[in-house]
Amino acid sequence: MAKKTVKSTMLRGMTQDGSARILVINSREIVNKMAAKHKTSPTATAALGRTLTAASMIGTMLPENGDTVTIGINGDGEAGKIIAVGDYFGNVKGYIQNPLVNPPKKPNGKLDVGAAVGGGTLYMIKDMGKGEPQTGTIELVSGEIAEDIATYFAKSEQVPTVLSLGVLVETDYTCRAAGGVLIQLMPFPDDKTVDLIERNAAELVNISRYFEKGMSNAEIADIALRDIPYDVFDTLEVEYKCNCSRARMKKKVMSLGKSEVAKLLDEQEAEGKARELTAVCRFCSTDYTFTETELLGK
Ligand code: ZN
């Protein structure tokens with residue numbers, strides 16, 4: 001029987017005056033799949049979950065099929081490096097260097113993502129297939145992810161952006177609710193619409209609570225764009241998906257160079273193991289084992 005995959009959903013729309021576009025995603029399934037693959041602590045689930053939620057929405061704003069966006073966070077906190085990659089369809093994969101990071105909660109009971117991430121930088125790489133990828137880096141503002149990514153858009157792309165991300169984790173470490181809202185101004189927006197978006201943004205601070213209550217993406221879009229006429233373009237199904245394969249992984253192993261591969265095989269043998277190498281995909285934890293024959297043709 002085929003395994004049933006449950007997907008996350010995203011709504012995309014635009015204000016009728018063309019001032020802003022909006023994306024709303026319920027990313028619970030994405031976060032759950034990530035947490036199961038990486039066995040993350042609650043704080044790591046929130047940190048990587050928020051980054052994946054953003055990468056999914058930003059991915060769908062890429063111009064063409066095949067384009068990807070990578071969000072990288074290099075903080076000096078215990079979480080270590082965080083990477084999320086989104087594609088044109090909004091599918092994502094991600095990685096956190098220390099999935100066990102779990103600092104004490106904040107006084108208000110929330111997971112302290114900022115403490116786990118620490119200070120440092122955030123970069124974004126938009127790879128559009130041809131030409132040089134578009135990249136930029138900013139200093140982290142709070143390490144809470146949403147504020148950092150919104151600041152990236154403002155500083156690096158000069159696009160005013162409202163971004164709210166939220167992840168709630170159950171006591172059994174599964175994801176109870178997760179989602180996000182992204183609103184970006186288009187060139188020459190209407191001043192009145194901008195004022196209304198800013199006013200409404202105050203109600204998006206606790207976004208995960210809306211998803212926890214079971215509100216739909218459309219209901220949340222109505223809050224984000226209250227008093228602003230808008231149209232929904234489409235709704236998408238998105239998921240946590242890794243595109244690794246045996247062939248790609250072999251290429252990666254071989255990029256070490258034949259002599260290094262031979263050395264590693266020797267080391268395996270010295271430890272009393274078979275002359276083969278195992279490489280683990282850092283995005284989905286799938287392991288691929290290659291024999292010496294496969295690698296060096298012997
Ligand atoms: Zn993989």
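Every number in this text was worked out from the coordinates using simple rules, so none of it is lab data. Owing to the predicted nature of the structure, the values given are computational and were not obtained by experimental measurement. Because the Cβ atoms are built from the backbone with ideal geometry, glycine has one as well, and the counts that use them run over all protein chains shown.
Miscellaneous remarks
- Number of residues in segment 159-196 that are farther than 21 Å from V232 by Cβ and assigned to a helix (DSSP H, G or I): the value is 3.
- Residues that are surrounded by 18 or more Cβ atoms within 10 Å (Cβ to Cβ) and part of a loop (DSSP other than H, G, I, E, B) do not occur anywhere in segment 1-18.
- Residues satisfying the stated conditions in segment 259-297, i.e. within 16 Å of the ligand (Cβ to nearest atom) and either small (G, A, S) or outside any strand (DSSP E or B) (or both): A279, C281, R282, F283, C284, S285, T286
- Filter pass, K241 being more than 22 Å from G94 (Cβ to Cβ), among the basic types (K, R), within 16 Å of the ligand (Cβ to nearest atom) and surrounded by 13 or more Cβ atoms within 10 Å (Cβ to Cβ): no
- Contact map, segment 276-295: residues that are touching a residue at least 40 places away in the same chain (Cβ under 8 Å) and over 17 Å from Y240 (Cβ atoms) paired with residues that are among the β-branched types (V, I, T) and within 15 Å of the ligand (Cβ to nearest atom), Cβ distance under 8 Å, separation 6+ or inter-chain. Pairs shown: Y288/T278; Y288/V280; F290/V253; F290/T278; L295/V253.
- Here is the figure for segment 99-141: residues that are without any contact (Cβ under 8 Å) to a residue 40 or more places away in the chain and either of a type in the set (D, E) or more than 15 Å from G75 (Cβ to Cβ) (or both) total 15.
- Segment 197-217, subset among the aliphatic types (A, V, I, L, M) and part of a helix (DSSP H, G or I), residue surrounded by the fewest Cβ atoms within 10 Å (Cβ to Cβ): A202
- T68 vs. criteria of a type in the set (S, T, N, Q), in contact with a strand residue (DSSP E or B) (Cβ under 8 Å, 6 or more places away or on another chain) and within 20 Å of C175 (Cβ to Cβ): no
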